[in-house]
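Just dropping this structure here.
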Amino acid sequence: MRNIVFALIPTLLLCGCVTAPADGSDKIQTTSEAKRESVQGAVSAPLRDVNLLQTKIPTVLLEAMADPYQRPHAATCEAIAAAILPLNGALGADLDEPAVDEDDLMDRGKGAALGAVAGLASDVIPFRGWVRKLSGAEQHDSLVTAAITAGGVRRAYLKGLGEARGCPPPATPSHILTGTPVKSQELKPRYPVR
């Protein structure tokens, strides 16, 4: 066990300054997403637990937290679209866009393996839950989640304003998914029943 810890220390120090997604995008990540994205994210889990490595919250999401319903200075379609584009960069695709099913079996296996590596790396810290609470890591994760929620509300509000003004996308919902059947919540038996 000691050998593993000593082998992880240089790796943790090398990845200590990484706070952005591995693909270089501006999209914000929660701690669990960062842990499952890459090997660097998985082995840096203890640094996140002791609050030495934090997710950087984009300014546009911090502004959305301050007032998600703030009216844009100019209520034109161009101004609304200009306010939505940075939110799209920080949050990723909106709910009105069709989901690209890239989560195949290999990606799920990779995520599970990286989650296991992150779990092993985090197990190095005794009383991890208390350490996260006392170090402020848990509070920062709550702030990241609140910023993502506020950004989503802000984007929906701006798209609603664009819809009311008759703007084209991205200043309004795309309505591509209109007519998509609603998923059923009925319970189905797991095995065939006669």
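Tell me which residues, restricted to region 40-78, are among the hydrophobic types (A, V, I, L, M, F, W, C), open to solvent by less than 30 Å² (accessible area, probe 1.4 Å) and either within 14 Å of LEU143 (Cα to Cα) or at pLDDT 90 or above (or both).
ILE57, LEU61, ALA64
Moving on. Evaluate region 84-102: report whether one residue or more is of a type in the set (D, E, K, R), in contact (Cβ under 8 Å) with a residue 40 or more places away in the chain, more than 30 Å from PRO126 (Cβ to Cβ) and open to solvent by 50 Å² or more (accessible area, probe 1.4 Å).
Yes, region 84-102 contains a residue that is of a type in the set (D, E, K, R), in contact (Cβ under 8 Å) with a residue 40 or more places away in the chain, more than 30 Å from PRO126 (Cβ to Cβ) and open to solvent by 50 Å² or more (accessible area, probe 1.4 Å).
Please specify each residue of region 155-194 satisfying the condition of being basic (Lys, Arg) and in contact (Cβ under 8 Å) with a residue 60 or more places away in the chain.
Scanning region 155-194 gives ARG155, LYS159, ARG165.
As an exercise: evaluate LYS133 against (1) assigned to a helix (DSSP H, G or I); (2) in contact (Cβ under 8 Å) with a residue 24 or more places away in the chain and give the number of the one condition it does not meet.
(2)
Report yes if some residue within region 111-131 is surrounded by 12 or more Cβ atoms within 10 Å (Cβ to Cβ) and at pLDDT 80 or above; otherwise report no.
Taking every residue of region 111-131 in turn, at least one turns out to be surrounded by 12 or more Cβ atoms within 10 Å (Cβ to Cβ) and at pLDDT 80 or above.
I would also like to ask the following. Going by the conditions given, is GLU138 of a type in the set (Asp, Glu) and either crowded, with 17+ Cβ neighbours inside 10 Å or under 30 Å from GLU63 (Cβ atoms) (or both)?
For GLU138, the condition - of a type in the set (Asp, Glu) and either crowded, with 17+ Cβ neighbours inside 10 Å or under 30 Å from GLU63 (Cβ atoms) (or both) - is met.
Here is a further query. Which residues, counting only those in region 42-83, are in a helix (DSSP H, G or I), hydrophobic (A, V, I, L, M, F, W, C) and either within 30 Å of ALA116 (Cα to Cα) or free of Cβ contacts under 8 Å to residues at least 60 places away in the same chain (or both)?
Across region 42-83, the qualifying residues are ALA42, VAL43, ALA45, LEU47, ALA66, ALA79, ALA82.
On to the next question. Would you pick out the residues in region 3-35 that are within 15 Å of VAL144 (Cβ to Cβ) and either at pLDDT below 70 or not small (Gly, Ala, Ser) (or both)?
Across region 3-35, the qualifying residues are THR19, ALA20, PRO21, ASP26, LYS27, ILE28, GLN29, THR30, THR31, GLU33, LYS35.
May I pose another question? Give region 121-173 a look and list any residue that's hydrophobic (A, V, I, L, M, F, W, C), closer than 15 Å to ALA75 by Cβ and in contact with a helix residue (DSSP H, G or I) (Cβ under 8 Å, 6 or more places away or on another chain), or say none.
Selection gives LEU158, LEU161, CYS167, ALA171.
The values are calculated or read from the model by the stated rules, or taken from the named source; none is laboratory data. Computed from a predicted structure; not experimentally measured. Positions of Cβ are generated from backbone atoms using ideal geometry, with glycine treated the same way; all protein chains shown enter the neighbour counts. These accessible areas exclude ligands, DNA and RNA; they are computed on the full protein's heavy atoms, side chains included. Shrake-Rupley method; radii C 1.70, N 1.55, O 1.52, S 1.80 Å.
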